[in-house]
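A quick write-up on the structure given underneath.
The values are calculated or read from the model by the stated rules, or taken from the named source; none is laboratory data. Because the structure is predicted, anything quoted here is derived from the model rather than measured. Quick reminder, even Gly has a Cβ in these numbers, built from the backbone with ideal geometry, and neighbours come from all protein chains shown. Remember, those area values only see protein heavy atoms, side chains included, never the ligands or the DNA or RNA. Shrake-Rupley method; radii C 1.70, N 1.55, O 1.52, S 1.80 Å.
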Amino acid sequence: MKRAFVIGHPIAHSRSPLIHGYWLERYGIAGSYEAIDVAPAGLGEFFGRLEAGEFAGGNVTIPHKEAVFALVDELDPLAEEIGAVNTLVLRGEDVVGFNTDYLGFLGNLDQNAPGWDKGLDEAVVLGAGGAARAILVALKARNVGKIHLLNRTLDKAEALAIELEGRIECAGLGEFGVRAQNARLVVNTSSVGMQGSRFDGLDLAALPKDAIVTDIVYTPLLTPLLAEAQANGLRTVDGLGMLLHQAVPGFHMWFGKKPEVTPELRQRIEATL
Ligand code: ATR
């Protein structure tokens with residue numbers, strides 16, 4: 001029986017066992033996917049278990065994403081470009097690191113806002129932390145003309161823009177109103193929106209009327225940013241779809257079946273939020 005995992009510390013809140021458990025059941029695959037609490041001091045030992053063949057692979061979440069990037073035997077080229085790993089696959093005795101947030105972000109928009117990238121000349125990305133990386137690389141891959149990367153700490157945005165290259169222009173959050181004028185996509189990659197936090201003073205009315213606003217935060221599902229966008233008559237895509245779609249490539253690689261993100265799966269996870 002093939003086994004997969006998600007490791008993190010803490011890990012109890014993870015929705016990943018529900019997602020993969022749903023697919024295992026739906027496709028009648030005799031496998032398992034379990035949440036395992038691994039403290040930073042125990043990561044090396046856990047890698048030993050993985051290399052010894054106990055698991056087909058698994059997901060990695062906070063606080064291990066950076067440590068794992070350095071520990072893997074091999075990096076998928078996309079994970080290397082993004083500079084972050086969230087999915088591990090055992091190949092022979094080697095642990096290969098992948099980044100599936102890239103496909104999760106694109107899969108979510110492709111499913112819920114088809115055509116979103118057609119002739120997309122400008123986009124605004126909010127936040128320049130770890131989560132921004134996969135999204136910036138994904139937007140570049142879809143040939144977005146210019147990306148305005150706005151962050152509370154300008155230095156962090158500038159460092160990321162230099163590292164990832166391409167047409168990325170950096171500014172503080174206060175410049176949103178100016179930068180938004182021609183942006184038909186806004187992506188929040190920051191943690192703002194969780195636990196009642198919110199951006200103050202983002203002038204969403206400055207956006208074109210056909211702009212799409214999307215958020216990677218999915219607790220709550222309707223973040224203050226998405227609520228305000230809807231109040232301004234803008235189209236929104238919530239972050240739950242990204243969580244579901246980022247799980248697809250991992251399941252495919254561990255269990256040999258490309259799973260589908262269905263309305264039923266979404267309802268099941270939504271019910272737990
Ligand atoms: P992660 O690596 O998990 O993405 P992070 O590196 O701490 O976490 O990044 C979180 C992002 O949310 C950053 O862009 C952060 O802005 P700073 O670079 O200025 O820290 C952003 N962020 C967090 N809280 C914020 C707040 N209250 N207002 C604006 N931006 C915030």
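Points to keep in mind about this one:
- Restricting attention to region 91-126, the residues that are surrounded by fewer than 24 Cβ atoms within 10 Å (Cβ to Cβ), in contact (Cβ under 8 Å) with a residue 40 or more places away in the chain and among the small types (Gly, Ala, Ser) add up to 2.
- Given (1) without any contact (Cβ under 8 Å) to a residue 12 or more places away in the chain; (2) within 16 Å of the ligand (Cβ to nearest atom), index of the condition Ala271 fails: (2)
- Looking across Pro63, Pro40, Pro77, one residue alone is surrounded by fewer than 19 Cβ atoms within 10 Å (Cβ to Cβ), at pLDDT 95 or above, within 16 Å of the ligand (Cβ to nearest atom) and more than 25 Å from Leu225 (Cα to Cα). It is Pro40.
- Residue within region 148-165 that is within 26 Å of Ala247 (Cβ to Cβ) and away from the ligand (no atom under 16 Å from the Cβ) present: no
- When region 166-182 is filtered for residues that are open to solvent by 10 Å² or more (accessible area, probe 1.4 Å), within 13 Å of the ligand (Cβ to nearest atom) and either polar (S, T, N, Q) or under 22 Å from Asp238 (Cα atoms) (or both), only Leu173 remains.
- If you go through region 183-205 and pick out every residue that is over 20 Å from Ile168 (Cβ atoms) and open to solvent by less than 30 Å² (accessible area, probe 1.4 Å), you end up with 2.
- Residue in region 22-30 that is away from the ligand (no atom under 16 Å from the Cβ), open to solvent by less than 40 Å² (accessible area, probe 1.4 Å) and in contact with a strand residue (DSSP E or B) (Cβ under 9 Å, 6 or more places away or on another chain) present: yes
- Filter result (assigned to a loop (DSSP other than H, G, I, E, B) and either open to solvent by 30 Å² or more (accessible area, probe 1.4 Å) or within 10 Å of the ligand (Cβ to nearest atom) (or both)) within region 128-147: Ala128, Gly129, Arg142, Asn143
- Within region 198-217, the set of residues being more than 15 Å from Gln181 (Cα to Cα) and at pLDDT 95 or above comprises Arg198, Phe199, Thr214, Asp215, Ile216, Val217.
- Selected residue [in contact with a Gly (Cβ under 9 Å, 6 or more places away or on another chain) and small (Gly, Ala, Ser)] from Ala113, Ala128, Ala157, Ala132: Ala157
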